[in-house]
Amino acid sequence: MMVRNEFVKRGREPFILTHAGMYPGSVSFTDVELQGEGAYGSDHTEMFSLGEWRARWLGPNQFGVQMSYLPAFGYGMGPNVDRTEQQVIGTPRLLAMSLLHGTRVWNKYVDTPLVFKAWTVLDELSEPQTTFIPYWEWDELNAALNSRNVYATGYSSGRRLVLVLSNLSGKAHGVAVPLSEIRAKNPTANRVEDNMHGLPVRIEDGMVTCRIAPKNFRLLSFTESRQ
């Protein structure tokens, strides 16, 4: 409270980030909370259940504070895999979970180029208002996916929808989702590209088809066809 008041009385807009500081007396004065470092491991598809991630790491969580996740790679893959390798192996698994839930990831101790590439795709949503469509509120698209441990979340703006497809299982899956369900959230969407990995994705007979590697994700951008 004292720190915030020092900003306010000088006519400045406060921005207060705390690390491991989510206590009842501080919540009202905090903008962003940075947590996660105590969760040691390199495979976030196994370290957390979906229910635990939703309870702890949703973006604007139940306390009204923006959560940001601080990873701690370098553990869990054995002594013959050094920390840098674990970051490269583990970052796609972390993003598979964080992108599904709208969780911001602290850009340290990760495979930085991969995180920046994902951010670049999300930055395409340049309109002021972006709608977050989580998998637990999108049953029509997820019903045929979840039994294979694949989940779909969307980020939709006025002219673009970015679809996150996360494969949390240990084997590759070919998936097909109805284009009609994408267009239910963004009516102008009739063209798809993979701007993240540059891997094949097609629209055939009203279905969007692609393949997802084990414990990995795809970011698919849906837009209106170019004239």
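Read the figures in this text as sums done on the coordinates, not as results from a lab. Since the structure is predicted, the reported quantities are computational estimates derived from the model, not experimental observations. FYI the Cβ positions are ideal-geometry reconstructions off the backbone, even for glycines, and counts take in every protein chain you see.
General observations
- Only Cα pairs under 8 Å and 6+ residues apart enter the sum, and on that basis the relative contact order of the chain stands at 15 percent.
- Helix-only [θ]222 nm of the chain, DSSP H runs n ≥ 4, -39500 (n - 2.57) each, per residue, nearest 500: -7500 deg cm²/dmol
- Prolate/oblate/rounded label for the range 131-223 (Cα gyration tensor, a/c 1.5): prolate
- Put the Cα centre of the range 183-227 next to the Cα centre of the range 103-138 and the gap is 16 Å.
- For the peptides 198-205, 49-56, 181-188, 67-74, the ranking by packing is 67-74, 181-188, 49-56, 198-205, with the highest mean count of neighbouring Cβ atoms within 10 Å listed first.
- Among Thr30, Gly41, Asn142 - extreme Cα towards positive end, dipole of the chain, charges at beta-carbon: Thr30
- For the chain, the alpha-carbon coordinates run over 61, 48, 29 Å along the three principal axes, in decreasing order.
- Spin-label model, Met22/Ala184: points 7 Å from Cα along the beta carbon direction are separated by 3.2 nm.
- Student exercise, the chain dipole from Lys, Arg, Asp, Glu Cβ charges, in Debye to nearest 20: 220
- Per-residue packing, averaged as other Cβ atoms within 10 Å, sorts the ranges 7-18, 150-161 into the order 150-161, 7-18, beginning with the highest.
- Under 5 Å between amide hydrogens, built in the peptide plane, is the criterion, and for Met207 it picks out Leu179 among residues at least 5 positions away or on other chains.
- The distance between label points at Ser126 and Met207 comes to 3.5 nm (points 7 Å beyond Cα on the Cα→Cβ vector).
- Residue-count net charge about Trp138 - beta-carbon cut-off 10 Å; Lys, Arg +1, Asp, Glu -1: -3
- Amide H contacts of Asn195 (H built 1.01 Å from N, under 5 Å, at least 5 apart or other chain): Ser221
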